[in-house]
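Read through the structure below, which is laid out as structure tokens, and then see the notes.
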Amino acid sequence: MKQQWILLVILTAVFGAGLHAEEEGFDDGSFFQEEDQTVPASSPLEIGGRLELSTRYAVNDDGFGDGEELLSVPELRLDLDFRGKKTDIRVSGRVEQIPGEKQAQGRIDEAYLRYYARYFDLEIGYMKPIWGPGDKVHAVDILTPMDYSDFINPDYAERKDAEVMIKLNIPAKDGLLELVYLPVFTPDTIPWEGTWVPRDVAEVQEAMTFYGISTLSEEETADFSHSSFAFRYTESIGSFDLGGIYYLGYYRQPTVNIADESLSYDQVNMVGIHGTAVAGELTLRAEAGWYATEDYQGDDPEVRNSEFRWVGGFDLQSAGLTAQYQHSGNGNPASEQRCHRIPTGRSDQ
């Protein structure tokens, strides 16, 4: 309920501030006021959308049939873009019929306002930016939660859930500095039943059954005490695009402590880098991030260890070839862990 109220406030602020900015401007005498550097579009308001129907059939270890159903998933998408002299407004949403649910469900993919000033751009609202050049799997894309209810079929951007944030973009000569504040924290959506239940979740459920635990108490996160901060600087140097990231917030995957019958979210400092290099038709890409938790020694069973994640890959345009390798390693693999960690949906390859 708290998140629904927050979304309502954000939507009201987005449309109200956007219309007010276009009617009156932010401050004509402001030091940051941009002067006649934008060209108005022929039509400031654009409305688009599409209707899709996807059909899927799940094959289990026993083969076809065995009670499995053919799933048809209708989905309606709507996009609204308003482009003014100083302000853009973006609203994107969808309505879909989830298999097994009686009523169709609607969700807002994005709803935000962008204000263009002389020396910066300000974005505020419900957004899901992607950080890092990885292909469908990332090591440093940490700003928004992921929906692992179906980690295979949707595109990467569709698996992401938007988060309320304030984002300041400050361009440099050949680079860009992004400062982000996330007032509330939203965990990843991880299925506990159905086709896409992760292996670690199944292990947690087995442990709960063994110890006679029916439910786990979850830490409350939809409050300002779980705010997060992040910044990224990216720059182009010749044929290289490089970026550095720092994030101070919380893991979006929970830590489950069977002994305390609890589910909590650990604080984390993440320092990451990413880059691409172009050589003819070959494009190399890589991401790496160090996730440091409060368990620096690796001896606290109730806090997840620090870990190092990285992905690397390449694209070869002439052959239409794309390849990527990913790895996630625990910072102290020899340490004993008596708590279960719900996975991110990735696997070591």
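The values are calculated or read from the model by the stated rules, or taken from the named source; none is laboratory data. These figures come from a predicted structure and were not determined experimentally. Ideal geometry is used to build each Cβ from the backbone, glycine not excepted, and the neighbour counts take in all protein chains shown. These accessible areas exclude ligands, DNA and RNA; they are computed on the full protein's heavy atoms, side chains included. Shrake-Rupley method; radii C 1.70, N 1.55, O 1.52, S 1.80 Å.
Limited to the stretch 272-313, what total is found for residues that are open to solvent by less than 80 Å² (accessible area, probe 1.4 Å) and touching a strand residue (DSSP E or B) at 6+ places or on another chain (Cβ under 9 Å)? First the steps, then the outcome.
So the first thing to find is which residues in the stretch 272-313 are open to solvent by less than 80 Å² (accessible area, probe 1.4 Å), and the list is 272, 274-280, 282-283, 285-289, 291-293, 295, 298, 300-301, 303-307, 309, 311-313.
Checking the rest, the ones that are also touching a strand residue (DSSP E or B) at 6+ places or on another chain (Cβ under 9 Å) come to 272, 274-278, 282-283, 285-289, 291-293, 298, 301, 303-307, 309, 311-313.
Number satisfying all stated conditions: 27.
Here is a yes/no grid of residues against (1) under 23 Å from the mean Cα position of the chain (by Cα); (2) within 18 Å of Ser264 (Cβ to Cβ):
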| residue | (1), (2) |
| --- | --- |
| Ala172 | no, no |
| Glu178 | yes, no |
| Thr189 | yes, yes |
| Thr195 | yes, no |
| Ala207 | no, yes |
| Glu218 | yes, yes |
| Thr221 | yes, yes |
| Ser225 | yes, yes |
| Ser228 | yes, yes |
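Would you confirm whether any residue within the stretch 107-118 is touching a Leu at 6+ places or on another chain (Cβ under 6 Å), crowded, with 17+ Cβ neighbours inside 10 Å, in contact (Cβ under 8 Å) with a residue 40 or more places away in the chain and not charged (D, E, K, R)?
Yes: the stretch 107-118 contains one or more residues that are touching a Leu at 6+ places or on another chain (Cβ under 6 Å), crowded, with 17+ Cβ neighbours inside 10 Å, in contact (Cβ under 8 Å) with a residue 40 or more places away in the chain and not charged (D, E, K, R).
Which condition number in (1) assigned to a strand (DSSP E or B); (2) open to solvent by 50 Å² or more (accessible area, probe 1.4 Å) is the one that Asp260 fails?
(1)
Here are some residues: Ala230, Ala222. Which one is open to solvent by less than 60 Å² (accessible area, probe 1.4 Å) and touching a helix residue (DSSP H, G or I) at 6+ places or on another chain (Cβ under 6 Å)?
Among Ala230, Ala222, only Ala222 is open to solvent by less than 60 Å² (accessible area, probe 1.4 Å) and touching a helix residue (DSSP H, G or I) at 6+ places or on another chain (Cβ under 6 Å).
Does Val164 qualify as being modelled with pLDDT under 90 and under 12 Å from the mean Cα position of the chain (by Cα)?
no
Which condition number in (1) modelled with pLDDT under 95; (2) more than 30 Å from Ser239 (Cβ to Cβ); (3) surrounded by 20 or more Cβ atoms within 10 Å (Cβ to Cβ) is the one that Gly134 fails?
With respect to (1) modelled with pLDDT under 95; (2) more than 30 Å from Ser239 (Cβ to Cβ); (3) surrounded by 20 or more Cβ atoms within 10 Å (Cβ to Cβ), Gly134 is out only on (2).
Can you pull out the residues in the stretch 239-257 that are surrounded by fewer than 14 Cβ atoms within 10 Å (Cβ to Cβ) and in contact with a helix residue (DSSP H, G or I) (Cβ under 9 Å, 6 or more places away or on another chain)?
Scanning the stretch 239-257 gives no hits.
Can you find even one residue in the stretch 159-172 that is exposed (fewer than 15 other Cβ atoms within 10 Å of the Cβ) and either of a type in the set (S, T, N, Q) or in a loop (DSSP other than H, G, I, E, B) (or both)?
Within the stretch 159-172 (the criterion being exposed (fewer than 15 other Cβ atoms within 10 Å of the Cβ) and either of a type in the set (S, T, N, Q) or in a loop (DSSP other than H, G, I, E, B) (or both)), the answer is yes, since at least one residue qualifies.
Is there any pair linking a residue in the stretch 208-226 that is closer than 14 Å to Phe185 by Cα and in a loop (DSSP other than H, G, I, E, B) to one that is open to solvent by 70 Å² or more (accessible area, probe 1.4 Å) and of a type in the set (D, E, K, R), with Cβ under 6 Å and at least six apart or on different chains, and which?
Ala222/Lys2
When the residues of the stretch 62-104 are filtered to those that are assigned to a strand (DSSP E or B), modelled with pLDDT under 75 and open to solvent by 40 Å² or more (accessible area, probe 1.4 Å), which remaining residue is farthest from Gly48 (Cα to Cα)?
Leu70
Given the conditions (1) open to solvent by less than 50 Å² (accessible area, probe 1.4 Å); (2) touching a residue at least 60 places away in the same chain (Cβ under 8 Å); (3) in contact with a Phe, Trp or Tyr (Cβ under 8 Å, 6 or more places away or on another chain), which single one is not true for Met127?
Exception for Met127: condition (2).
Can you pull out every residue in the stretch 173-204 that is assigned to a helix (DSSP H, G or I) and surrounded by 15 or more Cβ atoms within 10 Å (Cβ to Cβ)?
Asp200, Val201, Val204, listed by residue number.
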